[in-house]
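Encoded as structure tokens, the structure appears first; notes follow it.
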Amino acid sequence: IFSKSSKPDKAQTSWKAGEPVPYAALTATFSKIDATTKRLEISAYLTHFLVEVIEKTPEDLLKSVYLCINRLAPEYESLELGIGESLLMKAIGESCGRSLAQVKAEYKKIGDLGEVAFNSRTRQKTLFKSKPLTVRQVFDELKKVAKTSGDKSQARKVGLIKALLAKCEGEETKFLIRSLEGKLRIGLAEKTALVSLAHAVVTAEHAKSGKKWSRERLSSELETGAEIVKSVFSEIPSYDLVVPALLDNGIAHLQEACQLTPGIPLKPMLAKPTKAISEVLDRFEGKHFTCEYKYDGERAQIHFLEDGSVRVFSRNSEDMTVKYPEFVTQLPRAIKPHTKSFVIDAEAVAWDTEERRLLEFQKLSTRKRKDVKAEDIKVKVHLFAFDLLYLNGEALLEKNLRERRALLREHLQAVDGEFAFAQSEDASTVDEIQAFLDRSIKDGCEGLMVKMLEGEGASYEPSRRSIHWLKLKKDYLQGVGDSFDLVVIGGDYGKGKRTNVYGAFHLACYDPDSGTYQMICKIGTGFSDEALKTHWETLKPLELAQKKAYYDVGGAKGPDVYFEPKVVWEVLAADLSLSPIYSAAKGLCGDRGISLRFPRFLRIRDDKDAEQSTEPEQIAEAYRRQAIQSGGGGKKRKGG
Ligand code: ATP
């Protein structure tokens, strides 16, 4: 896979063993990746670069990987790059001796701030050449930028960026600015980076061993290596831990070295939607399964560490401990003696203490996310635990759900109004499931989760949207299908009475493979005046001067104004149809894209960030299922 053409060729991109990796070597790799759309080539370019890093300067591997995925720390530490475009334009202008107006005008013309910076630098006459940038230097400086806060932080950030820009040569400028924008835009998905990392380690280990492997053997070792790294990473999603462990222990011992650890959130197992009880039974025929209430709250992965501390993580591995300070005092009441450490999967649901009943998600979403003081809490939260993933020093992921559930109940206990186990029933017929579903809805839940209890598929599969967990929501049963979580990428200004708000919104899904936001529908109806005002207040500060280069609106006209990809809405649609205009899931069901018909706003999903919106593959899957149910035409009407 390593053709000659994948080798960096410029003098400044090579370095001697033991020397810091030049930033130019990394950006030369980015350029090659940018020039292709073929996944195998992208992976090969990156692998080639990483092999060289491992062989010559392994201490720079971690920082190199971080710059490739454009992150500075594990996801759960929430240390974000992503500097607003106005700040970047200011830094570019000041660093390259151009006015803000000139930078703005050029950005409007070419739509890529990286290119604007590149052009500005190229035009600039420099008197002396500074020392070439290194990967570690860029990483450290970017981290400083991200960590700068407090008094005059904007000015200090601009200062740091300007100093870095002054040292950039050629294409480095472009990629540095894109890193700062929060998006490299070279089509390098994190999944691909992870596979390349694994391939690089296998390749370097193989070269070092001096053994000769056949082509088949090499390809099978690469594949196994990638599977191991992906699986370890979903259990312990921290490059800070995985990369050094790979270098110290090699692929073969990675799993022993990196295991689920309380304090580090694992990626949660996800469920597939189903449209009818009969579909559940078809999937689970002859298997042992269980039905649980599907609570309508927020997922909470709760870690109880041996030192007695409690950490709460969201579905996206965001640290929510400060959002739920009450858990720190409440949880110990639910722990039985001899339980030293654990990780549970649970749903946090708003709770009416007087009427002793569950409240809808909207109530929960009124709670503040930051700086919450236990004494100020108005909306009480009840926890419903449905899984146990780790107990007293041991990961339980390989055990089946029946065993995990038994251990959960053995080591924790219900506390009135605070903590309980998810209601469950091992129903097995349509009537039994229907009766349990009706009860769940009467009790204020969204429906049921149906899960494999024993046998193959009953283990906990981190990060997988698994067919061994099925969601059965009351909404689906009305024939409308699953809802979609979509990113608001643009808005049209209102007309007539509504000139002070947006009158319509343009929505997109995120494709993690290409790093693009693909337009799927527009919503312009069904909003109250009050809702429109709230959306205006949220979205107005996110207005962009320019369409992002990674927004793919297909053949659509596009909105009056584009937004930063920050706001996620849950949307329900009558059905899906193939679209000659929109670009969502293009190529997955023929060469047309897919659009939502009669989309309707359900709620804001502030527990999801833009890159966690519904993926094109899920949209394609929903379309295919609809096509099957309507007899192959894919044009099923609502109500069916
Ligand atoms: P997804 O999490 O599948 O991407 P989503 O965030 O829109 O989609 P839903 O489609 O509503 O969520 O369903 C899955 C979520 O249901 C879980 O992530 C979890 O927060 C919640 N949930 C409630 N009760 C349970 C339960 N008993 N078992 C598992 N999850 C449950």
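The values are calculated or read from the model by the stated rules, or taken from the named source; none is laboratory data. Small disclaimer: the values here were computed from a predicted structure and weren't measured. Cβ sites come from the backbone with ideal geometry, for glycine too, and all protein chains shown count toward neighbours. All accessible areas refer to the heavy atoms of the entire protein, side chains included, with ligands and DNA or RNA removed. Shrake-Rupley method; radii C 1.70, N 1.55, O 1.52, S 1.80 Å.
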Task: Cα gyration tensor shape of segment 171-244, rounded if a/c is under 1.5, else prolate or oblate by comparing a/b with b/c - done: prolate
Task: Å² per residue, accessible surface of the chain at 1.4 Å - done: 45
TODO: Place +1 on the Cβ of every Lys and Arg and -1 on the Cβ of every Asp and Glu in segment 259-358, take the dipole about the Cα centre, and give the residue among His288, Gly308, Leu266 whose Cα lies farthest towards its positive end.
DONE: His288
Open item on the list: Considering all projection directions equally, how large on average is the shadow of the alpha-carbon convex hull of segment 502-624, in square nanometres?
Closed with: 7.2
Task: For segment 386-533: rounded, prolate or oblate by the Cα gyration tensor [a/c cutoff 1.5] - done: prolate
Open item on the list: Normalised radius of gyration for the chain, please: alpha carbon Rg relative to 2.2 N^0.38 Å, two decimal places.
Closed with: 1.00
- [ ] Could you rank Thr366, Thr261, Thr37 by how accessible they are, 1.4 Å probe, largest area first?
- [x] Thr37, Thr366, Thr261
Task: Distance violations [Cα-Cα > 31 Å] among Lys147/Lys473; Lys267/Lys548; Lys129/Lys191 - done: Lys147/Lys473; Lys129/Lys191
Task: Heavy-atom SASA rank of Tyr623, Tyr502 (probe 1.4 Å, accessible area, largest first) - done: Tyr623, Tyr502
Open item on the list: Give me the base-10 log of I(q)/I(0) for segment 239-294 at each q in 0.23 Å⁻¹, Debye formula, one uniform scatterer per Cα, rounded to two decimals.
Closed with: -0.92
TODO: Anything in the chain that counts as a DSSP H helix reaching 27 Å or more along its axis (C-alpha) with Kyte-Doolittle mean of at least 0.0? List them, would you?
DONE: 190-209
Task: Cα-centre dipole for segment 352-500 with unit charges at Cβ (Lys and Arg positive, Asp and Glu negative), debye to 20 - done: 900
Task: For segment 237-345: rounded, prolate or oblate by the Cα gyration tensor [a/c cutoff 1.5] - done: oblate
Open item on the list: How large a share of the accessible area of the chain, in percent, is made up of carbon and sulfur atoms when the probe is 1.4 Å and the other protein chains stay in place?
Closed with: 51
TODO: Alpha carbons only, please: Rg and Dmax for segment 13-56, in angstrom.
DONE: 10.8, 33
TODO: Compute the separation of the alpha-carbon centres of segment 415-454 and segment 480-544 and state it in Å as a whole number.
DONE: 34
- [ ] Could you state how much accessible area Asp552 has, in square angstrom rounded to the nearest 10, with a 1.4 Å probe and all protein chains kept in place?
- [x] 60
TODO: Using a cut-off of 14 Å between beta-carbons, work out the net charge of the residues near Leu391 (Lys and Arg +1, Asp and Glu -1, Leu391 not included).
DONE: -1
- [ ] Provide the solvent-accessible area of His303, counting protein heavy atoms only and rolling a 1.4 Å probe, rounded to the nearest 10 Å².
- [x] 0
Task: Qualifying chymotrypsin sites (Phe, Trp or Tyr not before Pro) in segment 53-154, DSSP loop, other Cβ atoms within 10 Å at most 11 - done: Phe128
- [ ] Treating only the Cβ atoms of Lys and Arg (+1) and Asp and Glu (-1) as charged, compute the dipole magnitude of segment 46-125 about its Cα centre; round to the nearest 20 debye.
- [x] 660
- [ ] Can you sort Ile344, Ile581 by 1.4 Å-probe accessible area, starting with the largest?
- [x] Ile581, Ile344
Task: Entries in Lys32/Lys211; Lys451/Lys471; Lys323/Lys608; Lys323/Lys451; Lys131/Lys152 that, when Cα-Cα distance is taken, lie over 19 Å - done: Lys32/Lys211; Lys323/Lys451; Lys131/Lys152
Task: Quotient of Cα Rg and 2.2 N^0.38 Å for segment 93-202, N being how many residues it contains - done: 1.19
Task: Mean Cα-pair separation over length for the chain, i.e. relative contact order, pairs under 8 Å, 6 or more apart, % - done: 11
Task: Check: the chain dipole with +1 on Lys, Arg Cβ and -1 on Asp, Glu Cβ, in debye - done: 2500
Task: Positive-end residue of Thr614, Ser459, Val158, charge dipole of the chain with Cβ unit charges - done: Val158
Task: Charge dipole of segment 40-124 about the Cα centre (unit charges at C-beta), most positive-ward option of Pro58, Pro74, Gly97 - done: Gly97
TODO: Report relative contact order for segment 80-222 in percent, whole number only (criteria: Cα-Cα under 8 Å, sequence separation at least 6).
DONE: 33
- [ ] Net charge near Thr499: determine it from the other residues with C-beta under 14 Å of the C-beta of Thr499, scoring Lys and Arg +1 and Asp and Glu -1.
- [x] +2
Task: Filtered GluC sites (Glu not before Pro), segment 374-480: DSSP coil and at most 15 other beta carbons within 10 Å - done: Glu398, Glu454, Glu456
